[in-house]
Structures are given as C-alpha cells and as structure tokens.
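First the structure, in the form of structure tokens, and then the observations on it.
The values are calculated or read from the model by the stated rules, or taken from the named source; none is laboratory data. Since the model is a prediction, treat every value here as computed from it, not as a measurement. Note that we place each Cβ from the backbone using ideal geometry, even for glycine, and neighbour counts take in every protein chain shown. With ligands, DNA and RNA removed, areas are computed over all heavy atoms of the protein, side chains included. Shrake-Rupley method; radii C 1.70, N 1.55, O 1.52, S 1.80 Å.
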Amino acid sequence: MKTINETDTLKETILLLKLKQANELVHLKDQYYHTYESLKPLNIIKNVFGQMATSSDFKGNILSNAIGISTGYLTKKVLLGSTHNPIKRILGTLLQFVITNLVTKHSDTSKS
C-alpha cells in the first residue's frame, strides 16, 4: 500500500482551489456583463415601459384619459364651433377642461 504524502495532498488541494477560483471568475464576469447591460439607459427605459405596458392599471388610466380628452374636445367643438371671439375661446377651453376632468374621474364607474 502506498502511503499518503502530505505534499501530494497539498498540491491536489491547491489544484482544486485554483479550478474553483477560475470557475468563480467566469461566473463573476458573466454577472458583471449582465449587470452592465441592465444598467444601460436604453435597457432601463425598455424595462420600465415593458412593466407599464403589462400593468392593467396603466392600461385603464390611458383609456380613461383618452375618453376624457376626446369627450372634452368634442363638447367644446359642438357647443362653440370655431369662434374667433377670445372670451368664448377661453370659456370653451375652461369648459373642455372641466368636462375632461369629470369624465376622466367618473369613467371607472361607467366601465364597470
């Protein structure tokens, strides 16, 4: 039977540790690359818009705002038409603003 030499055991342990270190270095480089890519401004913007697009609250808010803005605009056009009087234009804009806010705030009840 062969006797175990301490030097051979130490060399084998050193070799295993070097292999482990090389493997961890590869993983560290991969993690650095992924972190670098995820912190690029374009990728951050893509991720934010991707999350917003999948959110049902955001979709509902867009729909409510679109309905409110279009209702306000149509109401202004129907009631005032195209006028050149500055007072009527200001009142029409205020009317459009009020109607847009009312429709936007109360569109949740009409959707359900």
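Taking 0.36 nm per residue of sequence separation and removing the Cα-Cα distance, the Val78/Leu94 pair yields an extension gain of 4.3 nm.
Distance between the 7 Å Cα→Cβ label points at Ile67 and Ala53: 2.4 nm.
Taking 7 Å steps out from each Cα toward its Cβ at Asp30 and Ile44 produces label points 2.6 nm apart.
Quick one: angle between helix 6-38 and the longest Cα principal axis of the chain, in degrees between 0 and 90, rounded to 10, please. Roughly 10 degrees between the two axes. Computed over neighbours whose Cβ is under 15 Å from that of Leu91, the net charge equals +4, Lys and Arg +1, Asp and Glu -1.
In the elastic network of the chain, a GNM with C-alpha springs shorter than 10 Å, the most mobile of Lys20, Lys40, Lys29 is Lys20.
Build a GNM of the chain with springs between Cα atoms under 10 Å: which of Thr83, Thr54, Thr71 gets the top mean-square fluctuation? Fluctuation is largest for Thr83. Here the chain is treated as a sphere whose radius is the Kirkwood value from Cα pairs; by Stokes-Einstein at 10 °C and 1.306 mPa s it diffuses with a coefficient of 77 µm²/s.
Can you compute the helix-only [θ] at 222 nm over the chain? Use -39500 (n - 2.57) per DSSP H run of at least 4 residues, normalise by all residues, nearest 500 deg cm²/dmol. Estimated from H runs of four or more residues: -31000 deg cm²/dmol. Projecting label points 7 angstrom from Cα along Cα→Cβ for Leu10 and Glu37 puts them 4.4 nm apart.
When the Gaussian network model of the chain links Cα atoms closer than 10 Å, the mean-square fluctuations of Ile45, Ile69, Ile14 top out at Ile14.
Heavy atoms only, probe 1.4 Å: what % of the accessible area of the chain goes to carbon and sulfur, would you let me know? Answer for the chain is 66 percent, counting heavy atoms of protein chains only.
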